[in-house]
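Take a look at the structure below.
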Amino acid sequence: SLELCTRGFKCCTLLDYSQVLIDCAKARAAECNLSIEAVQSDARSTGFPDESFDHVLIMGNSLGYIKSPADSQIMSEVFRLLRLGGWVVVDVTDGNAIRSNFNPNAWHEINDHTVVCRTRELIRNTIRAREMVFNKQKGLIRDQTYAIRFYESQTLTSLLEGAGFQQVIPHTGFSPHEAKGDYGFMNNRILATGRKL
């Protein structure tokens, strides 16, 4: 949302389930003198009126963390929120890339002082992971476990079409990282677009 504001979008609304992340976004927006509306809510039932938005972006693996049928509920809510002609963009990890390059143990350095170590287990379309973050001076700074459901192009397309979206196109082969390495689930992406007509 902050990036969109810097590029000239005037009315950006950020929604997240985490109040901590909402507070972080508000602080960064204030530092950068940017105006965004940051709302803590559940994406399955946002509380916004019908047809409130021109476009909706679901970024950074925000699908797949809650038990089914949560993802279809989220997509139905997005469809309700969009005005006619509006687009949705969904950004998730490419499940085919996960399967073909699966590594149960991996680590990478975020910067000169911070290392992330992961142990993972692949069960059908779900990965269970333990992620530990170490600071070279301070020691262990985070140890968390989580599970995430992942999608391939066809299953993501079916999810969007099932919610009523048309002109659904999945784009694969995208990675935000130039250097090779294991960045958790942020390496290989699917960006799917769909339109409410």
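The values are calculated or read from the model by the stated rules, or taken from the named source; none is laboratory data. What you are looking at is a predicted structure, and each value in this text was computed from that prediction instead of being measured. As a convention, Cβ positions derive from the backbone with ideal geometry for all residues, glycine included, and neighbour counts pool all protein chains shown. With ligands, DNA and RNA removed, areas are computed over all heavy atoms of the protein, side chains included. Shrake-Rupley method; radii C 1.70, N 1.55, O 1.52, S 1.80 Å.
Collect the residues in segment 149-167 that are of a type in the set (A, V, I, L, M) and in a helix (DSSP H, G or I), keeping them in residue-number order. First the steps, then the outcome.
Let us first name the residues in segment 149-167 that are of a type in the set (A, V, I, L, M), namely 156, 159-160, 163.
Within segment 149-167, Leu156, Leu159, Leu160 meet the criteria.
Of all the residues in segment 92-146, those that are aliphatic (A, V, I, L, M) and open to solvent by less than 40 Å² (accessible area, probe 1.4 Å) number 10.
Of all the numbered requirements in (1) closer than 28 Å to Leu2 by Cβ; (2) open to solvent by 30 Å² or more (accessible area, probe 1.4 Å), Leu63 misses one, and that requirement is (2). Checked against (1) under 30 Å from Val56 (Cβ atoms); (2) over 18 Å from the mean Cα position of the chain (by Cα), Lys136 passes all but a single condition, namely (1). Can you confirm whether Ala25 is more than 20 Å from Leu191 (Cα to Cα), open to solvent by less than 40 Å² (accessible area, probe 1.4 Å) and among the hydrophobic types (A, V, I, L, M, F, W, C)? Yes. Among the residues that make up segment 117-136, is at least one of them of a type in the set (Asp, Glu) and under 30 Å from Phe53 (Cβ atoms)? Within segment 117-136, not a single residue is of a type in the set (Asp, Glu) and under 30 Å from Phe53 (Cβ atoms).
Checking each residue in segment 75-105 for being farther than 12 Å from Leu57 by Cβ and among the aromatic types (Phe, Trp, Tyr) picks out Phe79, Phe102.
Contact map, segment 156-172: first residue over 19 Å from Ser62 (Cα atoms), second residue of a type in the set (A, V, I, L, M, F, W, C) and surrounded by fewer than 14 Cβ atoms within 10 Å (Cβ to Cβ), Cβ cut-off under 7 Å, separation 6 or more or different chains; pairs are Gln166/Leu197. Pairing each residue of segment 5-16 that is closer than 16 Å to Val78 by Cβ with any residue that is in a loop (DSSP other than H, G, I, E, B) and not hydroxyl-bearing (Ser, Thr, Tyr), provided the two are 6+ apart or on different chains, yields C-beta distances under 9 Å for Cys12/Leu34; Thr13/Phe48; Leu15/Ala43; Leu15/Phe48; Asp16/Ala43.
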